[in-house]
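Worksheet for the structure shown next.
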Amino acid sequence: MLILSPSILAADFTKLGEQIKETVEAGAEYIHLDVMDGMFVPQISFGMPVIETIRSCTDKVFDVHLMIQDPGRYIETFAKTGADIITVHAEACTHLDRVIQQIKAAGVKAGVALNPATPLSALDYVLDELDMVLIMTVNPGFGGQKLIPYCLKKVSDLRAMMKERGLDIDIQVDGGIKASNAKEVIEAGANVLVGGSAVFSGDVAANTKAFMDVFAEF
Ligand code: DX5
Ligand code: ZN
């Protein structure tokens, strides 16, 4: 199934609840929540209180992308905020396997994200344990960047690696994704598309629908 996961990082925070409802009504199935700590990535975004507050706006899947150093410190806390999926960066975990087990023990789906320069081999031994792999298509930390073209090859290599192993795990792409390049990333093998500025700049409902129109072609 093809899923749009709008990243609220690009939303108008003065009308966050309203904009979440707008994108959900137009077809978004997930809500992507970018947590940044000012260490793993330069920016500081938002944390638990914001996620807890907007949990009441929708019952759609809360897809929490932790761009924080040593995320193992906060897994239980984020699970309690109402996260349905928690994705951690392989680069931010000294003990990645332990963190994956922590996420699963908290009753949440487990995702691992890879920065553009991180090879797929980082997932060799843990792939079977995951519900989702997030292939970053930009260097994390900011919205509104341009997709790095070589990341598409990484997506197709990952899809091939999964096929070889008989796995059908979600592949999420995040960074610079727009309705105009959605077809390309889906064809490469991604099935969960994060859209920040492409969803929240301008008409949220129309922008969401533009993604749905691309999904309908598959
Ligand atoms: C980047 C974040 C993204 C970001 C995407 O570090 O992880 O989720 O919000 O924004 P766009 O779609 O504008 O690149
Ligand atoms: Zn993200």
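Against the condition touching a Phe, Trp or Tyr at 6+ places or on another chain (Cβ under 9 Å), away from ligand 1 (no atom under 16 Å from the Cβ), among the charged types (D, E, K, R) and without any contact (Cβ under 8 Å) to a residue 60 or more places away in the chain, how does Asp128 come out, does it pass? Break it down into steps so the answer makes sense when it comes.
On the way: touching a Phe, Trp or Tyr at 6+ places or on another chain (Cβ under 9 Å): no; away from ligand 1 (no atom under 16 Å from the Cβ): yes; among the charged types (D, E, K, R): yes; without any contact (Cβ under 8 Å) to a residue 60 or more places away in the chain: yes.
It is false that Asp128 is touching a Phe, Trp or Tyr at 6+ places or on another chain (Cβ under 9 Å), away from ligand 1 (no atom under 16 Å from the Cβ), among the charged types (D, E, K, R) and without any contact (Cβ under 8 Å) to a residue 60 or more places away in the chain.
Evaluating Gln101 against the criteria (1) of a type outside the set (Val, Ile, Thr); (2) more than 24 Å from Ala160 (Cβ to Cβ); (3) under 17 Å from the mean Cα position of the chain (by Cα) leaves one unmet condition, (3).
Flag: Met36 does not match the condition of being touching a Pro at 6+ places or on another chain (Cβ under 7 Å) and either modelled with pLDDT of 95 or more or among the aromatic types (Phe, Trp, Tyr) (or both). Checking each residue in segment 159-206 for being of a type outside the set (A, V, I, L, M), touching a residue at least 40 places away in the same chain (Cβ under 8 Å) and touching a helix residue (DSSP H, G or I) at 6+ places or on another chain (Cβ under 6 Å) picks out Gly196, Ser197, Phe200.
Filtering Gly189, Gly176, Gly196, Gly143 for residues that are touching a strand residue (DSSP E or B) at 6+ places or on another chain (Cβ under 9 Å), within 16 Å of ligand 2 (Cβ to nearest atom) and under 17 Å from Ile3 (Cα atoms) leaves a single hit, Gly196.
Just the residues that are more than 16 Å from ligand 1 (Cβ to nearest atom) and closer than 17 Å to Phe40 by Cβ, please, taken from segment 104-125. Break it down into steps so the answer makes sense when it comes.
Let us first name the residues in segment 104-125 that are more than 16 Å from ligand 1 (Cβ to nearest atom), namely 104-110, 119-125.
Ala122 - this is the single residue of segment 104-125 that is more than 16 Å from ligand 1 (Cβ to nearest atom) and closer than 17 Å to Phe40 by Cβ.
Looking across segment 170-197, the residues that are away from ligand 1 (no atom under 11 Å from the Cβ), closer than 22 Å to Val35 by Cβ and hydrophobic (A, V, I, L, M, F, W, C) come down to Ile171, Ala190, Val192.
Collect the residues in segment 82-95 that are within 16 Å of ligand 2 (Cβ to nearest atom) and closer than 20 Å to Tyr30 by Cβ, keeping them in residue-number order.
At the first step, the residues of segment 82-95 found to be within 16 Å of ligand 2 (Cβ to nearest atom) are 83-92.
The answer is Ala83, Asp84, Ile85, Ile86, Thr87, Val88, His89.
The values are calculated or read from the model by the stated rules, or taken from the named source; none is laboratory data. Predicted model only: the values in this text are computed from it and were never measured. As a convention, Cβ positions derive from the backbone with ideal geometry for all residues, glycine included, and neighbour counts pool all protein chains shown.
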